[in-house]
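Participant: Have a look at this one before I ask anything.
None of the figures in this text is laboratory data; all of them are computed from the coordinates on show. What you see is a predicted model; the values in this text were computed from it and never measured. We place every Cβ from the backbone using ideal geometry, glycine too, and count neighbours over all the protein chains shown.
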Amino acid sequence: MRRSWLKTLLIFTGVAFMLAFCLVPFLYMVVVSFSTTPEFLTPGVPFKFTFDNFDAVLVGQSLHFMDYLRNSVLLSLISAFCCVFIGSLAAYAVTRLPVPGKMYLLFLVLAVSMFPQIGLVGYLFKFMAALGWINTYQGLLLPYIAWILPLSLWILVSYFSQIPIELDQAGLVDGCSRWQILYKIIFPVAVPGIFSTFLLAFILAFNEFMYALMLTTDYRTRTIPVGITMFQGLHGQTPWGNIMAASVITVLPAVLLAIIFQRYIIGGLTRGAVKG
Amino acid sequence: MISTRLSSLRLAESICLLLILLFLSGCGQKPESTTITFAVGGAPAELDFWQVLIGEFQDRTGIKVDLLRQPTDTDLRRQGLITSLKAGRSDPDVFLMDVAWLGQFAASDWLEPLDTHNDLDLDVFFEKVLNLADRYQGHLIALPVYVDGGLLYYRQDLLNKYGFDKPPQTWSELLRYSLVIQKGERETNPDFYGFVWQGAQYEGLICNWLEYAGSNAGGIVFEDGRIILHTPANVQATQFMHALIHIHKVSPPNTYTEMKEEEARTFFQQGNALFERNWPYAWALHQSEDSPVRGKVGLAGLPHFSVGPSVSTLGGWHIGISKHSDAKQKSFEFMKFVLSFETQKRLALELSWNPGRRDVYTDQQVIAALPHFTRLRGVFENLRPRPNLPYYTLISQVLQRHLNAVLSGNSSATEALSAAEREAQTIVDRYAQ
Amino acid sequence: MPSRNLTSVSKSAAHELRTGCLFILPLVVFIVLFVLLPVLGTFINSMFQDVSFVGKRFYFFKNYEHLWSDPGFFKALKFTLLFILVSVPFELVLGLLFAMLLDQHIPFRGLLRGCVLIPWAIPAAISARTWELIYNYSYGLANYICLTLGLSTQPVNWLGTSVGAFSAVVVADVWKTAPFVAIIFLAGLQAIPRELYEQGRIDRANSWHMFFRITLPILRPVVIVALLFRTIDGLRVFDLIYVLTHGGPGGSTASVSHYAYMHFVSGDFGYGSAISVVLFVIAFVFSIVYVKVGRFSTEVL
């Protein structure tokens, strides 16, 4: 009895620590975003509640927050969609069709995901500059898709390889083409896998920083992560309230996604990292 | 099977087509631009000012101007502009540059020469500033919007109280005054220090160091592909900076960890220091309504060592036009508008900036509102630039690290300067033609 | 109609091959155009002096020669390696702890897992700005906690000193990535057959023994995967540094990626490329070592 009590206590303390560790910075962000001043922790400065920060971020033109948000959401959605689509085609081929050297392809793709981004961005910049694509959506989208495809492929391959091959054969017997089998038979069965891939690809694109930093020059294509580093004040006075309000608006969807779809995200992450 | 082939073929085809189309779309020529894009950063009040100014310019000329808001952080602004310029973007057309970047921008051939436009009256600008910063290989490539220089702020009331009749002329006088007054003031205010300046590891440290070194007849010497930092004059000046903190203890111990412009300004403004080295912007803030030192502050040129003159590091922002601009003539019109007497006067009155035009400093209305301008003019004649090297930022990084090590007591001035010289030389060698 | 099916299968071998190739074609095109080509381009570019204010000319290995005598580069390399050396063990230990907690039968397990995912799901740039505020010298949360709990008597100048900035970066990185490690470990834990623990309990092994005799050995391949992922990711650390410390104070927290980036934006693409190539090679060596040491290929694939 004593042992199990001890165990419960240990687990409880551990969970409390874990929650504090993970949530405190996030909660701090939320609190500051509703405060008139970030200095409420210093003695003598009271905490006063306000919506002004959100108002400034949502309505104020000069911060370009809404532009950044639109760019981020659009780019991440399109990237995730393309990654799932292109990744599914390839994953289907790798798991079902006689493609020569598919093991090499998987390894190549794995190796590619280990590349440091800095090794690509210098040349990508020159490439996009030569095409006149710096600060355009396509100039950011194409590298994003290529960057996220490896992970998408691995997750999808791991899901697809669990779908019985008999389903395909039944489809072939019915005279379906491979393409029809993919979207009529495999897609409906693999919805959870596709959904986790989509979520992960979306989060990866949404969080990407270095390409966005180097391949965009202004609010017309700049994404949130880069935009938020541009929120600055004069002589070291940073508009913390605005930054935190913008952060809260940005991360709220991500936080909700993480909590609601944790099962899918964890599934995807696990399959992407440890081949399931 | 045929349908498989067809659909997958079609798919692959359409993806390839899409790619090709995208590629082609990039190659098309862009039409001549009817609007110009002006990149500028700063505090909200400054951006609001530019917004108003742009509106007026639009009303007057019919030329539409897009304001491209940049961050305040100087290095982020530089990186942003370089990305656009290096990529050959036609936007922004016209922008403000820190004086320390001009070397790099000019040498990279990103700036449109301005001398072809002979309707510019160059005599109204500080000749020294033009020669030090805005000319590159015989061409005028930028013009000063706003001039900055290091100044000495002092507490007039305290000098009077202890019987000193004028601000210190030399560094040893500054030290003597500081020691006496610090000792006296500590009895009522234990947090009181003699002298605050910028010693944290950042660009401002270089600006401060150049003023000590320059006033000891030293500085950064660059000749025949050799960079020289390790000289007796520089060592002595650096040792003096170290001594202010560690031996005489007239500068606070956080000088080398935290002191940047704002930290020094608030320290002084709270009444905790006798002297302060800062840029002109601090004046208006020291004299603001809620400032504890309002009406007690004096302004002077920086002190010097016995062998050298008083030196102020040249700072400030300059306006230039991109070589890739697709609206150069319109940009030039805008630039003329920004540099006009009226606009420059408003810059001074509304933002208390120090205009690049000399004639604003003699304007009666300006002097009435900003009496310290009469003294600034004299200071701006002693301006000393940072080395005009295209890779200056890299050299600065090296020097910042080593100088800060001296100030923190982790390294001797001799060691640090010879190490900095060696490291800086590797950078110089890398870019030797 | 079995006969039709049979003939079409034999006839279709070539078509199937073709379909397969067409299906992987878009992926290959993307990877080649936007990953492999840029890598090759970076390598070629590292052989050039390519400086906006000097011009472009063939340089052969001269950039690498300069690199060899560049104290700034070695400082960045030293920082990056030290950063991995300190942060990765923390991440693995915390990750394992979290994974074991999440593996317990506790109420609201799904919600808890979601909460643990939050640090990972927030863009690094955004969390870095929050950390920047947390580390603020005069009113940040970190100093408030330190002073309130009596951990220090003076406010700590987190971002202004080399040691402070280093710890600040490590803490922020551990916060963001420990959850990721936890998720990977969780999968590994769940794959351990419960019978093993039952058997252990029958043999009267205590929890400590079971952890070291059963859990860790079975988890070994997963630990290696996490180690590999975290090391490679740590090697290329950029956004956190860029936002939180700008590589400062005075270059003391500049990572290799940041150092290369600073050269790109100083207009020196040749040198920046050379730095990137070196980082590339280091990452490659690390993966080879892990794969060899961990026999990654045989156990995991």
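Participant: For the pair C:Thr153 and B:Thr170, what calculated FRET efficiency results from E = 1/(1 + (r/R0)^6), where r is the Cβ-Cβ distance and R0 = 41 Å, to the nearest 0.05? If you can, show how the numbers build up before the last one.
Facilitator: Numbers: r = 39 Å, r/R0 = 0.95.
For R0 = 41 Å, the calculated efficiency reads 0.55.
Participant: Pairs of Cα atoms under 8 Å, at least six residues apart: use those to get the relative contact order of chain B, whole percent.
Facilitator: Computed over chain B, the figure is 24 percent.
Participant: Excluding same-chain residues fewer than 8 positions from B:Lys328, which lysines have a Cα within less than 30 Å of its Cα?
Facilitator: Within the straight-line cut-off, B:Lys328 pairs with A:Lys126, B:Lys30, B:Lys64, B:Lys86, B:Lys128, B:Lys336, B:Lys345, C:Lys56.
Participant: When we measure straight from the Cα of B:Lys161, which lysines land under 26 angstrom away, once same-chain ones fewer than 8 places off are left out?
Facilitator: In chain and number order, the partners are B:Lys183, B:Lys249, B:Lys296.
Participant: Helices from chain A with mean Kyte-Doolittle at least -0.5 and a Cα length along the axis of 15 Å or more, per DSSP H: which? Mind showing how you got there, number by number?
Facilitator: On the way: long enough: A:2-33 (45 Å, 1.54); A:65-96 (45 Å, 1.26); A:102-113 (17 Å, 2.01); A:118-131 (20 Å, 1.80); A:137-160 (31 Å, 1.44); A:191-207 (24 Å, 1.91); A:240-260 (29 Å, 2.06); A:262-273 (16 Å, -0.09).
Membrane-span-like by this criterion, though nothing is claimed about a membrane: A:2-33, A:65-96, A:102-113, A:118-131, A:137-160, A:191-207, A:240-260, A:262-273.
Participant: With only alpha-carbon atoms counted, please give the Rg and Dmax of region A:156-276, in Å.
Facilitator: 20.8, 72
Participant: Treating the beta-carbon of each Lys and Arg as +1 and of each Asp and Glu as -1, no other charges, what is the dipole magnitude of chain C about its Cα centre, to the nearest 20 debye?
Facilitator: Approximately 580 debye in magnitude.
Participant: Using the Cα centre of region A:25-273 as origin and beta-carbon charges of +1 (Lys, Arg) and -1 (Asp, Glu), tell me which of A:Met230, A:Leu74, A:Tyr159 is placed farthest towards the positive end of the dipole.
Facilitator: My answer, from the dipole projection, is A:Tyr159.
Participant: Still on this structure: At what distance in nm do the modelled label points of C:Leu81 and C:Val93 sit from each other, each positioned 7 Å from its Cα along Cα→Cβ?
Facilitator: Between C:Leu81 and C:Val93, the label points sit 2.2 nm apart.
Participant: Okay, next question. What average count of beta carbons from other chains do you get within 10 Å of the Cβ of residues in C:223-236?
Facilitator: For this peptide, the per-residue mean of nearby foreign Cβ atoms is 2.
Participant: Helix B:171-186 against the longest principal axis of chain B: what's the angle in degrees, Cα atoms only, rounded to the nearest 10?
Facilitator: Approximately 70 degrees, to the nearest ten.
Participant: How far apart, in nanometres, would the label points at C:Leu33 and B:Glu350 be if each is projected 7 angstrom from Cα along the Cα-to-Cβ direction?
Facilitator: Simple spin-label model gives 4.8 nm for this pair.
Participant: Suppose the Debye formula is applied to equal point scatterers at every Cα of region C:1-137; what is log10 I(q)/I(0) at q = 0.11, 0.16, 0.17, 0.19 Å⁻¹?
Facilitator: -0.92, -1.09, -1.12, -1.19
Participant: If you don't mind, another one. What number, in percent, do you get for the relative contact order of chain C if the mean sequence gap of Cα pairs under 8 Å and at least 6 apart is divided by its residue count?
Facilitator: Computed over chain C, the figure is 28 percent.
Participant: Oh, and also: Beyond 27 Å, what share of the Cα-Cα pairs of chain B remains, rounded to the nearest whole percent?
Facilitator: Here the long-distance tail beyond 27 Å is 57 percent of all Cα pairs in chain B.
Participant: I need the phi-derived Karplus couplings for region C:232-240: 6.51 cos²θ - 1.76 cosθ + 1.60, θ = phi - 60°, integer Hz, Gly and Pro marked x.
Facilitator: Here the 3J(HN,Hα) series is 4, 5, x, 4, 9, 3, 9, 4, 4 Hz.
Participant: Let me ask something additional. Treating only the Cβ of Lys, Arg, Asp and Glu as charged (+1, +1, -1, -1), what charge dipole size does region C:1-128 show about its Cα centre? Round to the nearest 20 debye.
Facilitator: That gives a dipole near 340 debye.
Participant: Ratio of chain C's C-alpha Rg to 2.2 N^0.38 Å, to two decimals?
Facilitator: 1.29
Participant: Given R₀ = 22 Å, what would the calculated FRET efficiency be for B:Val307 paired with B:Arg226, taking r from the Cβ atoms and rounding to 0.05?
Facilitator: The pair B:Val307/B:Arg226 has a calculated efficiency of 0.45.
Participant: Output the 0 to 90 degree angle, nearest 10, between the alpha-carbon long axis of helix B:413-430 and the longest principal axis computed from the alpha carbons of chain B.
Facilitator: So the helix axis and the longest Cα principal axis differ by about 20 degrees.
Participant: Test of understanding: express the Cα radius of gyration of region B:54-210 as a ratio to 2.2 N^0.38 Å, with N the residue count.
Facilitator: For region B:54-210, the normalised Cα radius of gyration is 1.49.
Participant: Follow-up. Over all distinct alpha-carbon pairs, what is the Kirkwood Rh of region B:350-411 in angstrom? Numbers along the way, then the final one.
Facilitator: On the way: mean 1/r = 0.0672 Å⁻¹.
One decimal place: 14.9 Å for the Kirkwood radius.
Participant: Roughly what % antiparallel, to the nearest 5, for the DSSP beta bridges in the protein assembly as shown?
Facilitator: 70
Participant: Another one. Once Rh is set to the Kirkwood radius over Cα pairs, what Stokes-Einstein translational diffusion coefficient, in µm²/s, holds for region C:151-240 at a temperature of 20 °C and a viscosity of 1.002 mPa s?
Facilitator: Calculated translational D: 133 µm²/s.
Participant: So who's got an amide H within less than 5 Å of the one on B:Gly41, skipping anything under 5 residues away but keeping other chains? H placed 1.01 Å off N, in plane.
Facilitator: Answer set, sorted by chain and number: B:Gln70.
Participant: For B:Thr116 and B:Glu381, FRET efficiency with R0 = 35 Å and r from the beta-carbon atoms, rounded to 0.05?
Facilitator: 0.75
Participant: Would you please name the GluC sites (Glu not before Pro) within region B:243-298 that are DSSP coil residues with at most 15 other C-beta atoms within 10 Å of their C-beta?
Facilitator: Details: sites: B:Glu258, B:Glu261, B:Glu262, B:Glu263, B:Glu276, B:Glu289; in loops: B:Glu258, B:Glu289.
For GluC sites (Glu not before Pro) across region B:243-298 that sit outside H, G, I, E and B with at most 15 neighbouring Cβ atoms in 10 Å, the list reads B:Glu289.
Participant: Name the residues whose placed amide hydrogens come within less than 5 Å of the amide hydrogen of B:Gly316, ignoring near sequence neighbours (fewer than 5 apart) on the same chain.
Facilitator: Residues meeting the criterion, in which the H sits 1.01 Å from N, are B:Val99, B:Asp148.
Participant: Given C:Leu101, C:Phe212, C:His258, which one lies farthest toward the positive end of the charge dipole of region C:71-300, if we put +1 on the Cβ of every Lys and Arg and -1 on the Cβ of every Asp and Glu?
Facilitator: The listed residue farthest towards the positive side: C:Phe212.
Participant: While we're on this one: Between A:Tyr183 and A:Ala16, with labels modelled 7 Å along Cα→Cβ, what's the label distance in nm to one decimal, could you check?
Facilitator: Computed distance between label sites A:Tyr183 and A:Ala16 equals 5.5 nm.
Participant: On a full-extension model of 0.36 nm per residue, what is the gain between B:Thr61 and B:Ala368, subtracting their alpha-carbon distance, rounded to one decimal in nm?
Facilitator: Numbers: separation 307, 0.36 × 307 = 110.52 nm, distance 3.17 nm.
Taking B:Thr61 through B:Ala368 to full extension adds about 107.4 nm, to one decimal.
Participant: Quick one: which residues, 5 or more positions from B:Gly298 or on another chain, have an amide H under 5 Å from its amide H? H modelled 1.01 Å from N in the peptide plane, none for Pro or chain starts.
Facilitator: B:Tyr154, B:Arg155, B:Gln156
Participant: Read phi for every residue in region C:18-34 and hand back ³J(HN,Hα) as whole Hz from Karplus 6.51 cos²θ - 1.76 cosθ + 1.60, θ = phi - 60°, with x for Gly and Pro.
Facilitator: 5, 4, x, 5, 5, 5, 8, 3, x, 4, 5, 4, 4, 5, 5, 5, 10
Participant: Under 20 Å from a point placed 7 Å out from the Cα of A:Thr8 along the Cα-to-Cβ direction: which residues of region C:184-208 have their backbone N that close?
Facilitator: It comes to C:207, nothing else.
Participant: Something else about it: Among all stretches of chain A without exposed trypsin sites (Lys or Arg not before Pro) (DSSP loop, at most 15 other Cβ atoms within 10 Å), which one is longest?
Facilitator: Values: sites that count: A:Lys48, A:Arg220.
Looking at chain A, A:49-219 is the longest stretch - no exposed trypsin sites (Lys or Arg not before Pro) with at most 15 other Cβ atoms within 10 Å.
Participant: Seen from all sides and averaged, what is the projected area of the convex hull of the Cα atoms in chain A, in nm²? Present the calculation step by step, with values, prior to reporting the outcome.
Facilitator: On the way: hull surface 88.5 nm².
That works out to 22.1 nm², a quarter of the Cα hull's surface.
Participant: At 0.36 nm per residue, minus the direct Cα-Cα distance, what do C:Trp68 and C:Ser167 gain on full extension? Give it in nm, one decimal, please.
Facilitator: On the way: separation 99, 0.36 × 99 = 35.64 nm, distance 2.80 nm.
The C:Trp68-C:Ser167 span can extend by a further 32.8 nm.
Participant: Where does helix B:232-246 land angle-wise versus the long Cα axis of chain B, in degrees 0 to 90, nearest 10?
Facilitator: Compared with the principal axis, the helix lies near 70 degrees.
Participant: How large is ³J(HN,Hα) for each residue in region B:158-165, as worked out from phi by the Karplus curve 6.51 cos²θ - 1.76 cosθ + 1.60 (θ = phi - 60°), to whole Hz, x for Gly and Pro?
Facilitator: 6, 4, 4, 4, 9, x, 9, 8
Participant: Please state, to two decimals, what the Cα-based radius of gyration of the protein assembly as shown comes to when divided by 2.2 N^0.38 Å (N = residues). Kindly include the intermediate steps, with their values, before the conclusion.
Facilitator: Values: Rg = 31.1 Å, N = 1010, 2.2 N^0.38 = 30.5 Å.
Its radius of gyration relative to the 2.2 N^0.38 Å reference: 1.02.
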